[in-house]
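*Asks:* Before anything else, here's the structure in question.
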Amino acid sequence: MKNNKAYIIAFCGVCIAMNIVLGIITSALGIPLYLDTLGTVLAAALIGPLPGVIVGSLSNIITGFMYSVSDIPFFLVNAAVGLIVGLTAKKWKFTFPTALILGLVLSVVCPVIGTPIGILVYGGLNGSWSDVLVVALQQTGHSIFAASFIRNIGSNLIDKVGTCVIGWAILKALPMRFKDNFVHQEVAQ
């Protein structure tokens, strides 16, 4: 039953909902593991890069319309997660080491994309306690980009490595009969 479109669409819908709900919960709790790309990682690793990009993009666009339209441009970050995870999982099995390396790569790539967006949309501040670090770095002579980027690397290191490892664990735990419904299922057992 590979490539069953109904399973793919349903799974992508669940992944979008997962991104939105986990993003809301972790934001409300104020923890550095945001998990707002976990659904993107799952869709990209299990189905492929295009579904990963779609899940990531729609998650941010929907959340933007729910809360703040200013957040919509950040869909580019989530789309990049879907593309990078999807292409990597397509070439290599989505093993623990792969997930760990992907998390490290994404912890740099995501701030490279998101920092300029954050500066354009919010002046480089995000309304959290970490803005103190940004302001302090600026006062020591760092540019707003450098200060925001440094802050974003730190938070993304925790979030993206954690998200990829949790994604790997979830996919590993899924029964093969479930994974057989999808085109791209190279998840190490």
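*Asks:* List residues of the range 31-75, by number, whose backbone nitrogen lies under 16 Å from a label position 7 Å along Cα→C-beta of N4.
*Replies:* Counting backbone N atoms under 16 Å from the label point, the list is 47.
*Asks:* Between T95 and L120, what is the spin-label point distance in nm, taking each point 7 Å from the Cα along the Cα→C-beta axis?
*Replies:* 3.9
*Asks:* Also, quick follow-up: In terms of modelled amide H atoms, which long-range or inter-chain residues lie less than 5 Å from the amide H of F94?
*Replies:* Amide H neighbours of F94, under 5 Å, 5+ apart: V187, A188.
*Asks:* Moving on. Quick one, could you list the DSSP H helices from the chain stretching 20 Å or more along their long axis (Cα atoms) with average Kyte-Doolittle hydropathy of -1.0 or above?
*Replies:* Correct list, ordered by number: 5-29, 49-66, 75-91, 96-122, 144-173.
Read-outs throughout are calculated quantities, based only on the coordinates presented, and are distinct from any laboratory measurement. Owing to the predicted nature of the structure, the values given are computational and were not obtained by experimental measurement. Here the Cβ is made from the backbone with ideal geometry for all residues, glycine too, and neighbour counts use every protein chain on show.
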